[in-house]
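What follows is a short report on a single structure.
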Amino acid sequence: MSLDNLTIANRYSKALFELAAEKDQTEAFLTELKQLRQVFIDNPQLAEVLAGSLLTVDQKQTTLRTLTDQASEYIKNFIQMLYDYGRMRNLVAIIDAFEQRYDDAQQIVHAEVTSAVKLSDEQAKAIAAAFAKRVGAKQVQLTQKVDPEIIGGVIVKSNNQTFDGSVALQLMNLKRALINN
């Protein structure tokens with residue numbers, strides 16, 4: 001029976017996160033894993049090459065050693081295990097799942113804030129603080145997006161939650177209210 005990518009990512013990330021927590025190195029593991037993920041994102045064919053038959057085993061091992069040259073022994077062993085079990089195609093999903101576990105443990109929420117104009121640093125910090133309080137997070141990491149069509153105000157999206165405080169929505173609601181009356 002073949003496992004889907006999400007199941008594999010969850011299983012491997014859970015085991016790696018538990019090891020990182022046991023060794024009190026979750027942040028260090030995350031830093032290393034993010035660097036590896038970036039290499040795989042920048043080189044989208046890398047996982048296929050490592051999983052495929054284009055290279056010899058020795059060439060693949062040399063590539064793995066190069067990839068993990070600066071990594072801790074734990075991460076080196078983890079990457080080698082993924083290679084040995086034919087899971088290199090799942091690496092980015094595993095790292096994403098590990099990061100989600102880290103964020104959950106640290107109560108970090110990622111959100112996208114859309115505004116009509118670029119927010120100042122102070123405005124972004126105030127929105128992050130208000131959103132953190134609203135969702136019960138210790139920290140909110142905002143990604144900013146500018147969309148002049150919202151006219152003013154902000155829209156904050158995170159996972160399955162959206163808080164729309166845009167002028168465009170307020171005008172639409174006012175229009176509906178006028179039409180219904």
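Brief remarks on what is shown
- Taking each residue of the range 161-181 that is under 15 Å from residue 150 (Cα atoms) and looking for partners that are of a type in the set (Gly, Ala, Ser) with beta-carbon atoms closer than 6 Å, six or more apart or interchain, yields 165/153; 166/153; 167/152; 167/153.
- Of everything listed in (1) in a helix (DSSP H, G or I); (2) within 30 Å of residue 166 (Cβ to Cβ), the single unmet condition for residue 61 is (2).
- Residues in the range 138-181 that are outside any strand (DSSP E or B), open to solvent by less than 80 Å² (accessible area, probe 1.4 Å) and either under 30 Å from residue 99 (Cβ atoms) or not hydrophobic (A, V, I, L, M, F, W, C) (or both): 147, 150, 152, 153, 165, 166, 173.
- Residue 25 meets all of the listed conditions (1) at pLDDT 95 or above; (2) polar (S, T, N, Q); (3) open to solvent by 80 Å² or more (accessible area, probe 1.4 Å) but one, namely (3).
- Residue 19 being farther than 27 Å from residue 159 by Cβ, surrounded by 12 or more Cβ atoms within 10 Å (Cβ to Cβ) and not hydroxyl-bearing (Ser, Thr, Tyr): no
- Some residue of the range 98-118 being under 30 Å from residue 53 (Cα atoms) and in contact with a helix residue (DSSP H, G or I) (Cβ under 6 Å, 6 or more places away or on another chain): yes
- Consider the range 64-73 and keep the residues that are in contact with a helix residue (DSSP H, G or I) (Cβ under 9 Å, 6 or more places away or on another chain) and outside any loop (DSSP other than H, G, I, E, B). The one that is surrounded by the fewest Cβ atoms within 10 Å (Cβ to Cβ) is 65.
- Residue within the range 39-51 that is open to solvent by less than 70 Å² (accessible area, probe 1.4 Å), part of a helix (DSSP H, G or I) and over 18 Å from residue 81 (Cα atoms) present: yes
- The range 74-126 - residue that is hydrophobic (A, V, I, L, M, F, W, C) and not in a helix (DSSP H, G or I) and, of those, most open to solvent (accessible area, probe 1.4 Å): 117
- Any chance residue 30 is of a type in the set (A, V, I, L, M) and either within 17 Å of residue 86 (Cβ to Cβ) or over 15 Å from the mean Cα position of the chain (by Cα) (or both): no
The values are calculated or read from the model by the stated rules, or taken from the named source; none is laboratory data. Treat the numbers as computed from the prediction; the structure is a model and nothing was measured. So basically every Cβ, Gly included, is an ideal-geometry build from the backbone, and we count neighbours across all protein chains shown. Ligands, DNA and RNA are stripped out before the accessible areas are found, and what is left, the full protein with its side chains, is counted by its heavy atoms. Shrake-Rupley method; radii C 1.70, N 1.55, O 1.52, S 1.80 Å.
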